[in-house]
Structure formats: C-alpha cells, structure tokens
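The values are calculated or read from the model by the stated rules, or taken from the named source; none is laboratory data. For clarity, every value in this text was computed on a predicted model and none was experimentally measured. Methodologically, a virtual Cβ is constructed for each residue, glycine included, from the backbone with ideal geometry; neighbour enumeration extends over all protein chains shown.
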Amino acid sequence: MRIGLGGIWQETNTFAPQPTSLTDFQRYQYFEGPDLVAGLRGTGTELGGAIAAAQERRVEPVGLLFGAALPAGTVDRAAFETMLHALVERTRAAPPLDGLMLSLHGAMVVDGHPDPEAELVAALRAVVGELPIGVSLDYHANVGPALPRLADVLVGYRTYPHTDMAERGAETMELVIRMARGRDRPQRHAVKLPLLTVPPAQEDASEPMTSILAAADAITRESGVWTASALPGFAYAESDRLGFTVYVAGDRHAADRANELAAHVWDQRAAFDAPLVSPDRAVALARSGPAPTVLVDVADNVGGGSPGDGTALLHALSRAGARAAVAVLWDPAAVDTAHAADGDRLTLDVGGHSDPMMGPPLRATGRVRRYGPVTYLRSGSYMRRQRVDMGRVVVLEADIGQIVLTERRVVPFDDDHLRAVDVVARDARAIVAKGAIAWKAAFGGYAAQTVYVRTPGYCPAGLDQLAYRSRPAPLYPLERGAEWEAAVAGRQIPRSSND
C-alpha cells in the first residue's frame, strides 16, 4: 500500500504588508519527491508523524511536494499556483497510490484564490478520484464550507502551544490507512460559529479551551466516532472563512455530537478574554517581580505574521533604566551595519524599520558579538528536529541587556535560537517574547511571571485595533448581538467523496 504525502502550508496575516513569495517557502521548508520523506522523517511535524505511522503499519509513504512558509502577509498568486501545479503533477506521475495524507494550515490566504486549501484538495481529488484523502489542520485553521466536503477526514491540533503536530499527523495517516483498507468513509459534520477569538485566550491549558478540548476528546473516544476537532481559528485575516470551527467525523451521530460541542463553545464565548497592560506597567511589574518575567509582546507575534521588529517594550525598558533583559529583533539592516564590528562598542538604531506602527527605532549602545550564518535543529516539544536558519546574527550587549538582532525572522518556539548565540534566557530579569502562547514551549518551563502587554502590531489581542475591510458579519465580540442556533448552523455532509 502507498499513501502520498504533500501540502502547501502557511498562516496568512492579511494585515501584514510583506507578501509571502515562493522564495519564502523555499527558504523555510520545501521538499519534492523522495526528499520529502528523507527530510521530514523523525521530525515533530505532521508529515513526520505521518511517515512514522505509515512505516509502523508497513505502508509506503510517497513524497509528493510540501512547501511551508513562516506566517506573513498574503501569499503571492504565482507562488501558490506554481506549487499547486507541481503538487498535482507529482501526484499524477506517482506510482499507483491508495490514498493521500495532506498537511495544510487552514488559514492561508492567496491573492485571487479565496479558499486555497479547498482548491488544493479539489485539484488533487480530480487526479485521485475516490481514493481517501485525509487532511491535518492547524489549531488556527479558518475552515470554509468546501474543505470538509472535499476531504474524507480532517484532523486538527489539540494543543496550543502546538506540541502534538506529529501525533495529529499520525492520527490522520492512520485514518487514511483505515479508509484505504476498509473502504468505509465517515460521515462528516462541520459547524462554523460566528465567534472570533485571539491567541492569548486560546491556550489549551487555560479556560475556556481546556474544557472545550476535553469535550472534544471525550467525543473522540465514543464508539462510532473517528475524530473530533475544536478549531478556534485565526482572527488576523480578511477572509470569508473567519470563525470558530467544530468538526466531527464518524457514524450517523456525528451531526449531533458536533452541534453539542459547538453549543458548549458558544456558551463560553464571553470567556475568551485577554487582559493586557501597558508597556510601562509591564516593565514595572518585571522589575518588582520574580525573575525571569516574560513580557509577551502580543501584537508583534512573529508566529502570527507580525514582523518581529516592534520597539514598544524596548523603549519602556530603556525609560525605566531596566537591566538584564533579553530581546530578539528582526533587523537585517542593523545586522549589516554591525557585523563588521565584532568586539567593538557601537551605537545602533535598532528595530522599527518595517512599518511606522512598529514604533521608532531604539538607539542602543553596546559591545557587539557577531555570529553567522546561524542554523540549528529544534530540540524542544515544538516541531522537534526542524532545521531553522536565522541568517547572520548580532548580539548587542546594551544597557538594558542583550538585544539579539537577526537577519531572518525567528519564531520563539524554543530557546535554541538564543542558546545558539550564547544567550541564556533563564538568567535574564525580563524576556521579551514576540508571540502569544507558543513562546511557552520555549520559556514556560522557567518563567517566574508572565505579563501580557498591549503593543502595536499586526496581531493585537484587542480586536478593536484591527481595521477589517472585509469579513463575515455578525461576529462575536465585534457584534455583541451575534446569534447562533444549532438547529440551523450545521449541515450533514454526504458520505460520497465527490459530492
């Protein structure tokens, strides 16, 4: 038995001005043919988990094409079409397949393609016909009506930080193998709730998501249920697919279970709250509280598509005369300037270069340590063994602490990126984390205090900071009067793969 593996994966922030190009995919993760299995085997990714599950069951995983890019702005149309064409042709030319397992994000936005993930599955469905197609989805997927109809099963992450990617990939592969061997297909039921939530309120270890995910797990364990997912979605996209999605695949009771879970989510809608403090208040709390304090720069969340060069917290640290802080900034220009000054003292204007909203640059003076190019393998619980390329790096030992300047954007999924340049975050008084929740996979094990900060950026926790040009309406909490009724929200999806 052979199962084809592939996908095009990106979380798109349409408020971020920098578009996502084909080069961005090729620099981050890009594999074709046999290189896919060789490159992703043993990694803590969806396809890494799928490969392991296939081999355990004596199934041959066949690499097709997989491209992934860091979260950023809208994906370039030509980039998507180039990769999709290559994926389709690889599938067409592959040895006879018994099914497909695809790793998709679910919140990708492409210029000229309103639902690119569904279009991708439709294009592959046209090639493989009735063969089973299983899709793993990110926790932040914005699922439209077409994708659950086109794919035979969807499996979403159940953790945030996303530490179960490999497990969900394995689960998806196991379900594809089940369908390929038994030829039975589940009934699928997807419910879209008119509910927007923000990442700081979506942590799996905090309410309301703890109880929501527990309910989804309980449904999954029921007899006759194949899988159940509760996907909070991604608020930072101008897309018709915005909203919280509940999905259940199984026997004839799938619709009832999906509506029950959706009703539980809807009843908790007011609990998706994310209290924030000002940068100056956050720094005061860090100086008076236990160390290390993680100052969460929510709106400049690199993992949500923000650039990672916001300076609001650095200016607050400087105003307060803070010491022993650690912060990472994406600043290729500063790296260019400082890289020749290894060991010298230098005054640099750092950060705030991508957009005026990210704040004015911080003028900082300190000794320069240069590194690079820096690459490392993730060793933590998040995308374990994935290779990361930081480009050239400069560490500026400034008055406020160590400012790590990178040539390429870095997501704080682990603290390997700091250890690679001899920065020990656990020894800091304050750590500036440009994330929302995923940073906990890096610093959560030793953070003594956490402060969520209201800062400017493309991923604000306050939805009032976003100027949507296009979105569904009503959406709670933007429209407090938004209503939802289970009796009219969902619809049963027929068993046929080509309906």
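Rundown of residues vs (1) within 18 Å of the chain's Cα centre (by Cα); (2) over 16 Å from residue 445 (Cβ atoms); (3) at pLDDT 90 or above; (4) of a type outside the set (S, T, N, Q), yes/no style:
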site: 375; (1), (2), (3), (4): no, yes, yes, no
site: 397; (1), (2), (3), (4): no, yes, yes, yes
site: 401; (1), (2), (3), (4): no, yes, yes, yes
site: 406; (1), (2), (3), (4): no, yes, yes, no
site: 424; (1), (2), (3), (4): no, no, yes, yes
Inset, instruction - Those residues that are buried (at least 19 other Cβ atoms within 10 Å of the Cβ) and of a type in the set (Gly, Ala, Ser), I need them from segment 334-353; list them, please. - result: 334, 338, 351, 352
Inset, instruction - Could you check, for segment 130-145, whether at least one of its residues is under 26 Å from residue 69 (Cα atoms), in a helix (DSSP H, G or I), outside the structural domain of residue 301 (by TED's automatic domain parsing) and touching a helix residue (DSSP H, G or I) at 6+ places or on another chain (Cβ under 6 Å)? - result: no
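For segment 430-447, indicate whether the set of residues that are on the phi > 0 side of the Ramachandran plot and surrounded by fewer than 24 Cβ atoms within 10 Å (Cβ to Cβ) is non-empty. Can you show your working first?
So in segment 430-447, the residues on the phi > 0 side of the Ramachandran plot come out as none.
Scanning segment 430-447, I find no residue that is on the phi > 0 side of the Ramachandran plot and surrounded by fewer than 24 Cβ atoms within 10 Å (Cβ to Cβ), so the answer is no.
Kindly evaluate residue 143 against the criterion of being hydrophobic (A, V, I, L, M, F, W, C), in contact (Cβ under 8 Å) with a residue 24 or more places away in the chain and buried (at least 24 other Cβ atoms within 10 Å of the Cβ). Walk me through it before giving the result.
Details: hydrophobic (A, V, I, L, M, F, W, C): yes; in contact (Cβ under 8 Å) with a residue 24 or more places away in the chain: yes; buried (at least 24 other Cβ atoms within 10 Å of the Cβ): yes.
When the stated conditions are applied, residue 143 passes them.
Could you please find all residues in segment 332-355 being within 25 Å of the chain's Cα centre (by Cα) and outside any loop (DSSP other than H, G, I, E, B)?
So the first thing to find is which residues in segment 332-355 are within 25 Å of the chain's Cα centre (by Cα), and the list is 332, 351-355.
Of everything in segment 332-355, just one residue is within 25 Å of the chain's Cα centre (by Cα) and outside any loop (DSSP other than H, G, I, E, B), namely 332.
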Inset, instruction - Would you mind telling me which numbered condition in (1) free of Cβ contacts under 8 Å to residues at least 40 places away in the same chain; (2) crowded, with 19+ Cβ neighbours inside 10 Å; (3) of a type in the set (D, E, K, R) residue 331 fails? - result: (1)
Inset, instruction - Sort through 33, 73, 67 and tell me the only one that's assigned by TED's automatic domain parsing to the domain that holds residue 105, on the phi > 0 side of the Ramachandran plot and of a type outside the set (A, V, I, L, M, F, W, C). - result: 33
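Identify, please: which residue in segment 23-59 is among the charged types (D, E, K, R) and out of contact with any helix residue (DSSP H, G or I) (no Cβ under 7 Å at 6 or more places or on another chain) and is, among those, nearest to residue 390 (Cα to Cα)?
In the first step, residues of segment 23-59 are kept if they are among the charged types (D, E, K, R); the result is 24, 27, 32, 35, 41, 46, 56-58.
So of that shortlist, the ones also out of contact with any helix residue (DSSP H, G or I) (no Cβ under 7 Å at 6 or more places or on another chain) come out as 24, 27, 35, 56, 58.
Details: 24: 13, 27: 11, 35: 22, 56: 34, 58: 37 Å.
The extreme case among them is 27.
Against the definition (part of a loop (DSSP other than H, G, I, E, B), surrounded by fewer than 24 Cβ atoms within 10 Å (Cβ to Cβ) and at pLDDT 95 or above), how does residue 89 come out, yes or no?
On the way: part of a loop (DSSP other than H, G, I, E, B): no; surrounded by fewer than 24 Cβ atoms within 10 Å (Cβ to Cβ): yes; at pLDDT 95 or above: yes.
In short, no.
State whether one or more residues within segment 223-235 are hydrophobic (A, V, I, L, M, F, W, C), buried (at least 18 other Cβ atoms within 10 Å of the Cβ) and over 20 Å from the mean Cα position of the chain (by Cα). Explain how you work it out, then say what you get.
First, the residues of segment 223-235 that are hydrophobic (A, V, I, L, M, F, W, C): 225-226, 228, 230-231, 234-235.
Restricting the remaining residues to those that are buried (at least 18 other Cβ atoms within 10 Å of the Cβ) gives 225-226, 228, 230-231, 234-235.
Narrowing further to those that are over 20 Å from the mean Cα position of the chain (by Cα): 225-226.
Checking segment 223-235: at least one residue is hydrophobic (A, V, I, L, M, F, W, C), buried (at least 18 other Cβ atoms within 10 Å of the Cβ) and over 20 Å from the mean Cα position of the chain (by Cα).
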Inset, instruction - Kindly establish whether residue 103 is in the same structural domain as residue 232 (by TED's automatic domain parsing) and in contact (Cβ under 8 Å) with a residue 60 or more places away in the chain. - result: yes
Inset, instruction - Find the strands (runs of 3 or more DSSP E) located wholly in segment 359-463 whose residues include 1 or more that are within 26 Å of residue 318 (Cβ to Cβ), β-branched (Val, Ile, Thr) and in contact (Cβ under 8 Å) with a residue 60 or more places away in the chain, and list them. - result: 387-398, 401-406, 430-433, 449-453
Legend entry - Among residues of segment 1-31, those that are in contact (Cβ under 8 Å) with a residue 24 or more places away in the chain and over 21 Å from residue 134 (Cβ atoms), counted: 17
Inset, instruction - Of the conditions (1) part of a helix (DSSP H, G or I); (2) in contact (Cβ under 8 Å) with a residue 12 or more places away in the chain, residue 39 clears all except one; give me its number. - result: (2)
Legend entry - Matching residues, segment 178-200, being among the small types (Gly, Ala, Ser) and over 30 Å from residue 477 (Cα atoms): 180, 182
Inset, instruction - Return a yes/no flag: does segment 184-192 have any residue that is surrounded by fewer than 22 Cβ atoms within 10 Å (Cβ to Cβ), out of contact with any strand residue (DSSP E or B) (no Cβ under 6 Å at 6 or more places or on another chain) and in contact (Cβ under 8 Å) with a residue 60 or more places away in the chain. - result: yes
